[in-house]
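K.L.:
Starting off with a structure, shown below.
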Amino acid sequence: MLTDRTAKIIKREKIYPEGKQVSGVSRVPTVRTEYECPCGKGKIVSEQISGFGEYDAYMECEECNEKYYVLTGCGNLWELKNRG
């Protein structure tokens, strides 16, 4: 099955917050990586806030959302699993 290590990366960017410091850390970026989903019509998105260890991964594809779900693990790892 597709994982963060085997999926094709479409786009990777650092997004910097606007405004005030958060917990004494100024402008800590979110690293957003977009991967090609299995059907090729949508994408799988992972977002990690650098320095805070917060991580999320989700799918932006109606067709693949019906067949799969994104399982996240330790760190910034994800894997697609079959529904059902």
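Throughout, read-outs are computed from the coordinates displayed, never taken from laboratory work. Predicted, not measured: the structure shown is a model, and the values here were computed from it. Virtual Cβ from ideal backbone geometry, glycine too; neighbours counted across all protein chains shown.
K.L.:
What nm distance separates the two modelled labels at C39 and E18, each placed 7 Å from Cα along Cα→Cβ?
P.N.:
Here the modelled spin labels are 3.4 nm apart.
K.L.:
Here's another thing I want to ask about it. Excluding K41 itself, calculate the net charge of residues whose Cβ lies under 15 Å from the Cβ of K41, where each Lys or Arg counts +1 and each Asp or Glu counts -1.
P.N.:
Details: positive: K8, K43, K67; negative: E34, E36, E60, E62, E63, E66.
With Lys, Arg at +1 and Asp, Glu at -1, the net is -3.
K.L.:
Between R32 and E66, how many nm apart are label points set 7 Å from Cα along the C-beta direction?
P.N.:
Taking the simple label geometry, R32 and E66 are separated by 2.7 nm.
K.L.:
Subtracting the Cα-Cα distance from 0.36 nm times the residue separation, let me have the gained length for E54 to T3 in nm, one decimal.
P.N.:
Details: separation 51, 0.36 × 51 = 18.36 nm, distance 1.88 nm.
Using 0.36 nm per residue and subtracting the Cα-Cα distance, I get 16.5 nm.
K.L.:
Here's a follow-up. Might you report the magnitude of the Cβ-based charge dipole of the range 35-74 about its Cα centre, with Lys and Arg at +1 and Asp and Glu at -1, to the nearest 20 debye? Mind showing how you got there, number by number?
P.N.:
On the way: 3 positive and 8 negative charges, 25 e Å.
The dipole magnitude comes to about 120 debye.
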